[in-house]
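Since the structure comes first, as structure tokens, the remarks are kept for the end.
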Amino acid sequence: MAASLSMSAAARLRAAARLPPARAPKRKIEGMTTSLAREGLIEKGRPLRSLSTSTWRLAQNQTRDTQLITVDEKLDITSLTGVPDEHIKTRKVHIFVPARNAMQAGVNNTKKWKMEFDNRERWENPLMGWASTADPLSNMVLTFATKEDAIAFAEKNGWNYDVEEKKVPKPKSKSYGANFSWNKRTRVSTK
């Protein structure tokens, strides 16, 4: 199958190479154009064109012909997912921004919104003592760029959700001179 795909791709590239250049750029590189014309690779006076840009234009023209179908109402996809109803109807998700790690100085991992599922159906395995679960969604954490994206995804899947708002720390004003002031509030004992 891979060979047939590559053969059809090669045929499309050859067909695109035979197409006349549509709105080819008018600029010419004089030295390169004359040397290629002397070797018979291009016609003199015809602008250079790249095969990759020509196939890109061909693909761009094909995508213009397609039309998008838009749907006004919200779709419920719970019947299409294949997940049992007990994992959809009674499921509650928690949407939040994770707190900064204690070992983390920057704010790199605190800009994304995360969605966690509630924990249920856990037990201790009698043979090894490991924690076991029959819930396929309990260990899954989803990441979203915005809170609205996470809420829309939860509503689309039919899950109840609660949102914990983002906690923005208030910066405290500090002065360098306060380190050396003779004030009981800022003075540090050396003993």
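Bear in mind that the values in this text are calculations on the coordinates, not laboratory data. A quick note: this is a predicted structure, and the numbers were derived from the prediction, not measured. So basically every Cβ, Gly included, is an ideal-geometry build from the backbone, and we count neighbours across all protein chains shown.
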query = Since G158 meets every condition but one in (1) at positive phi; (2) under 30 Å from the mean Cα position of the chain (by Cα); (3) exposed (fewer than 14 other Cβ atoms within 10 Å of the Cβ); (4) small (G, A, S), which condition does it not meet?
reply = (3)
inquiry  = Which of the numbered conditions does I77 fail, given that it passes all the others? Conditions: (1) assigned to a loop (DSSP other than H, G, I, E, B); (2) without any contact (Cβ under 8 Å) to a residue 60 or more places away in the chain.
reply    = (2)
Any pair with Cβ under 9 angstrom, 6 or more apart, that starts in region 122-140 at a residue that is within 18 Å of A154 (Cβ to Cβ) and free of Cβ contacts under 8 Å to residues at least 40 places away in the same chain and ends at one that is of a type in the set (A, V, I, L, M) and in a strand (DSSP E or B) = M140/M115
request  = Tell me which of these K167 doesn't satisfy, since it passes every other one: (1) under 21 Å from the mean Cα position of the chain (by Cα); (2) assigned to a loop (DSSP other than H, G, I, E, B); (3) not polar (S, T, N, Q).
outcome  = (1)
